[in-house]
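Have a look at the structure below, then the notes.
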Amino acid sequence: MEENTRKITELNSALEKAGFEKGSVKTVSYNVRMDYSTYRDRKGMFQKNFEGYVCNNSLKIEFDFDSVILGKALNAVSKCLSEPQMDISFTIKDKDAVSDRLLKSAAVNAKRRAEILCNGCGAELGKLISVDYDWKEIKISSRADISTDGMGETAILSAPAASRPIPPQPQIQPTKFDVSDSAAFVWEIQ
């Protein structure tokens, strides 16, 4: 675990040197597990041999999209001797506005379709009786795959990357964001 601490310190230092504020790297998850190797004993039975501990951290750094800042972050991480694996995802800053628009659109669409169904069977849509919505937070993100070796190595940057620097302004653009949510509407039929 001392090595893990050293690697995280090195990564933080590299990002600070690239212009990010101290403490801007946040821990998303931290996992420590025991590592074992297996071998056969004299009787041919498999045995486990404790090798040590494996520590995995998932970290994130967030900033408004700017290709210059992204280039600095990628270069800092790629030159880091701790050899971190990474992937990039884009998200929407104002998730509430997107969620609100999505729910409004769902309500308008549900009513329109309910009216079409009623009209098709010779009935009229009555008053809205209930709306069932689970209020979970919607996830809005768009992943970007990056290649460091021209061979399709996806989302992994490894040292020694000094010989393969990332362009200062990488040509990375978020793809279309796919967002979905659900609600159930119940109307009277007249």
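Once the 1.4 Å probe is applied to the protein heavy atoms, the range 6-65 comes out at 81 Å² accessible per residue. Cross-link pairs exceeding 23 Å between alpha carbons, from the set 95/136; 17/93; 17/79; 17/176; 7/176; 60/93: 17/93; 17/176; 7/176.
Surface composition of the range 41-139: carbon plus sulfur atoms contribute 50% of the solvent-accessible area (1.4 Å probe, protein chains only, all chains present). Sorting 6-14, 36-44 by their mean Cβ neighbour count within 10 Å, with the most densely packed peptide first, gives 6-14, 36-44.
The values are calculated or read from the model by the stated rules, or taken from the named source; none is laboratory data. What you are looking at is a predicted structure, and each value in this text was computed from that prediction instead of being measured. Positions of Cβ are generated from backbone atoms using ideal geometry, with glycine treated the same way; all protein chains shown enter the neighbour counts. Each accessible area value is taken on the protein alone, full model and side chains, heavy atoms only, with ligands, DNA and RNA left out. Shrake-Rupley method; radii C 1.70, N 1.55, O 1.52, S 1.80 Å.
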